[in-house]
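First up is the structure itself, then whatever we jot down about it.
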Amino acid sequence: MTDFGFLSLLPPIIAIILAIRTKQVIVSLFVGLIIGYIIITGGNIFEGVILTLDKTIDVFASAGNTRTILFTLLIGSLIQLIKVSGGINGFVHRIQKLILQSKNPKSRLQVAAGLTGFLIFIESNISILTVGTVFQSLFDKFGISRQKLAYLADSSSAPSCILFPLNAWGAYVIGLLAVYENVSPFQTLLYSIPFNFYPLLTLALVFYLAKSGRSFGPMREFDNKAQHPNEIITNPNEPKDGKARNMLLPLMVMIVSMPLFLLYTGWDSSLSESFGLKVWHAIGNASGSAAVFYAVTLAVVFAGVYFGIQKKLTLKSFMNESINGMKDMVTMSILMMLAFAIGNLCKELGTGIYVASITQDWLSPSLAPAIIFLTSCFIAFSTGTSWGTFAIMISIAVPLAQAIDLNMYLAIAAVLGGGVFGDHCSPISDTTLISSMASGSDHIDHVRTQLPYALFTGGLATIFYLTVGFIW
């Protein structure tokens, strides 16, 4: 593999800077791709552009990528079907009555949104989409910004998934740890949780801000603009007498079927272990992208049948509304395709490996936890993938911890926390994109408003790692 060195950093950094400066994310990602493939082709502009087009199409060579993009389109269908059935309208009016009974309805609503994301720790995208779908109209009604909703959805999902690892996240990390001798994968992951400072601090900040109603940085500007409660904007075809269950039941089908499909995609009946070990093995070998794709497909089919029984949809209107919902997600699907392409480009350039290699040779046990955390943050921010960061950094952190007598639980926690940080902050991260989409927020506005909060808790986490590194 060619060593591109510092040049490997240019495409993701340029794409991120352009996206933030211009707010034209699609153009920015495409420019980053072109620059990257011009580097790979040795400066040949024509070949670089042609290779960019080919590699963008190659995103669909991955079944996982294709399923994730189709999942996004189907989520658009599900939301549209729920709208025209009156489900969102019915749920909003039901919850509105409960919230108005409290002394501080805005606070109660924000806490409810954060708690919903926190409790659905089975899969981050399902968590985000549930929070966005359920609470968007309510936040509009009570004058709370959609950027705040995007923050609550994004910052309560991945942290809970990594802190309660009985899901695909935990299984993935355990799989990465299983290749090392003298390392107990499950025990290492479990004992690393108290040292996983970034997710812990992020969740603490989420619930503090939700409870207090406070905000700082760019978020304050959007919160001030949203202060005056608005009338709920509903689909003109949406029944005014909608029922809350028309929203809740399809979402419950999606949420409950998700872990079942995880087991299905990873189940191996030929194993001779106990049922519990078979379940754990299945989770470890499951396909997260397949599980969420199957879950949302089942939810769409359920919604079509259920609303058809209620005479709210015919087969023709079901198809028309499903396609209308997909139309709303086309831009997001293009963004996701380009984000996957940037991720593939970073692998070809060796971006993550380069960043890791320039830090590992001069680490001391005292500084190592903080440096591992910051390196993981930067890799995840640049590549837009926490799981890719886990793969790169665990392969470095485990042997490094063994070589310099660093506490293994501390090292793994630093990797995982750094990966989640980058996942929160990067404009090319799929969870950041989905948070914007689900909450109805402009994508760059979501990135700008969430970044100060992530930097605050990331800074505190760095201080904690420095402190623990020196006193451990």
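Here, each number is a calculation from the coordinates, and none is a lab measurement. This structure is a prediction, so every number in the text was calculated from the model and none was measured. Positions of Cβ are backbone-derived with ideal geometry, glycine not excepted, and every protein chain shown enters the neighbour counts.
With charges set only on the Cβ (+1 for Lys and Arg, -1 for Asp and Glu), what does the dipole of region 313-472 come to about its Cα centre, in debye to the nearest 20?
For region 313-472, the charge dipole is close to 120 debye.
Measure off 7 Å from each Cα along the Cα-to-Cβ vector at A204 and L53, then give the distance between these two points in nanometres to one decimal.
5.3
So for the chain, taking the charge dipole from beta-carbon charges (+1 Lys/Arg, -1 Asp/Glu), which of S426, F307, I40 sits furthest toward the positive end?
Value: F307.
Filter the chain for me: DSSP H helices, axial length by Cα at least 27 angstrom, mean Kyte-Doolittle hydropathy not below -0.5. List them by residue number.
Helix filter hits for the chain: 63-84, 245-266, 288-309, 330-349, 443-471.
Pick out, from V296, T265, P11, the residue whose Cα sits farthest towards the positive end of the charge dipole of the chain, with +1 on the Cβ of Lys and Arg and -1 on the Cβ of Asp and Glu.
Selected residue: V296.
How much FRET efficiency would the formula 1/(1 + (r/R0)^6) give for L455 and N224, where r is the Cβ-Cβ distance and R0 is 22 Å, rounded to 0.05?
0.55
Lysines near K225 by alpha-carbon distance under 19 Å, same-chain residues fewer than 8 away left out - which ones?
Here the lysines satisfying the reach criterion relative to K225 are K106, K141, K148.
Using only the Cα atoms of region 68-214, build the gyration tensor, take square roots of its eigenvalues as a ≥ b ≥ c, and label the shape rounded, prolate or oblate: rounded if a/c is under 1.5, else prolate if a/b is larger than b/c, else oblate. Could you put the intermediate results ahead of the total?
Numbers: a/c = 3.22, a/b = 1.65, b/c = 1.95.
Here region 68-214 falls in the oblate category.
Quick one: if you stick a label point 7 Å off each Cα along the C-beta vector at T22 and I334, how many nm between them?
For the pair T22/I334, the computed spacing is 1.3 nm.
Test of understanding: what is the full-extension gain from I309 to I14, defined as 0.36 nm times their sequence separation minus their Cα-Cα distance? Kindly include the intermediate steps, with their values, before the conclusion.
On the way: separation 295, 0.36 × 295 = 106.20 nm, distance 5.19 nm.
In short, 101.0 nm is gained.
Just want the answer: with Cβ charges of +1 for Lys and Arg and -1 for Asp and Glu, which residue in V253, L81, P105 is farthest toward the dipole's positive end in the chain?
Of V253, L81, P105, it is P105.
Taking the Cα-to-Cβ direction at D442 and at S212 and moving 7 Å from each Cα, how far apart do the two end points lie in nm?
Going from the D442 label point to the S212 one covers 2.7 nm.
When the helix-only estimate is applied to the chain (DSSP H runs of n ≥ 4, each -39,500 (n - 2.57), divided by the residue count), what is the mean residue ellipticity at 222 nm, nearest 500 deg cm²/dmol?
Helix contribution divided over all residues of the chain: -25500 deg cm²/dmol.
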